[in-house]
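First the structure, in the form of structure tokens, and then the observations on it.
The values are calculated or read from the model by the stated rules, or taken from the named source; none is laboratory data. Given the structure is predicted, the values throughout are model-derived calculations rather than measurements. In this analysis, Cβ positions are derived from the backbone assuming ideal geometry, glycine residues included, and neighbour counts consider all displayed protein chains.
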Amino acid sequence: MGDFRVIGDIGRSLRKVLESDPWEGLSPKPEIVFRPPGTEERENPSMVSILLFNVREMSQLTSSPVPRSADNFRGPPLMLDLSYLVTAYSDDPIRGQDILGKVMQILHGHPVITGPDLQGSLAGTGTDIRLSLHPLSPGELASVRESFSCDSPHPSVCYVATSAVIESASEGSPGRERYSRRGGKGS
């Protein structure tokens, strides 16, 4: 279980997996960034952009308070799915496709981020972050790209990182009721 930094640390862990690979067959290695292209000058003509575009609560798993002691309970943790748009950029369109293929090969070989690949607050916790390829329809992909002002079509895929857990900062008694965000008692 992590604190509020877990969202950024999952992104950093994803970058670590990609940067740790030798990228055999592609030289030079693309730069791995957390920004859309065009936001800064770059020396490397190739890059992979990792953009967090959707955060969803896994509410079915967060309904019980967590005991800390006999008289003190911590609110339930916030369980999240994080969706990332992973886009390959290159001055050469075919190289961009090759880069995306390599990214997919690397992530397919690491369906779970664990151990030394975990960064920041996740390091040494024994946490497992599961990665899965998540198809987007052409309309969904266009909408995500538009939200980041990415107007030119570069090869992209969506990955979902599951098992992001943020511990609750609230404390209370075991009888404390949880209110849903929809405006009433719930879950």
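For region 101-148, give me the residue count where each residue is assigned to a helix (DSSP H, G or I) and touching a Gly at 6+ places or on another chain (Cβ under 9 Å). So that I can check it myself, show each step before the final result.
Restricting attention to region 101-148, the residues satisfying the condition of being assigned to a helix (DSSP H, G or I) are 101-108, 115-117, 120-122, 138-147.
Keeping just the survivors that are touching a Gly at 6+ places or on another chain (Cβ under 9 Å) gives 102, 115, 120-122.
Count: 5.
Given Ala164, Ala169, which one is in a strand (DSSP E or B) and either touching a Cys at 6+ places or on another chain (Cβ under 9 Å) or modelled with pLDDT under 80 (or both)? Explain how you work it out, then say what you get.
Numbers: Ala169 fails: in a strand (DSSP E or B).
Checking each option against the conditions leaves just Ala164.
Just to verify a result, which residue in region 1-37, among those that are modelled with pLDDT of 90 or more, in contact with a Ser or Thr (Cβ under 8 Å, 6 or more places away or on another chain) and closer than 12 Å to Ala164 by Cα, is surrounded by the fewest Cβ atoms within 10 Å (Cβ to Cβ)?
The residue in question is Arg5.
Kindly check whether there is at least one residue in region 118-135 that is modelled with pLDDT under 90, under 27 Å from Asp98 (Cα atoms), surrounded by fewer than 19 Cβ atoms within 10 Å (Cβ to Cβ) and among the hydrophobic types (A, V, I, L, M, F, W, C).
no
Look through region 82-100, keep the residues that are more than 15 Å from the chain's Cα centre (by Cα) and in a strand (DSSP E or B), and return whichever of them is surrounded by the most Cβ atoms within 10 Å (Cβ to Cβ).
Once the filter is applied, the top-ranked residue is Tyr89.
Looking only at region 118-146, count every residue that is acidic (Asp, Glu) and at positive phi and tell me the total. If you could, list the steps in order and put the result at the bottom.
Here is the first cut: in region 118-146, the ones acidic (Asp, Glu) are 128, 140, 146.
When the remaining residues are screened for being at positive phi, the result is none.
Qualifying residue count, region 118-146: 0.
Under 6 Å between Cβ atoms, which residue pairs at least 6 apart in sequence (or on different chains) link something in region 122-142 that is within 19 Å of Leu80 (Cα to Cα) with a partner that is assigned to a loop (DSSP other than H, G, I, E, B)?
Note: pairs meeting the criteria are Asp128/Thr114; Leu131/Pro111.
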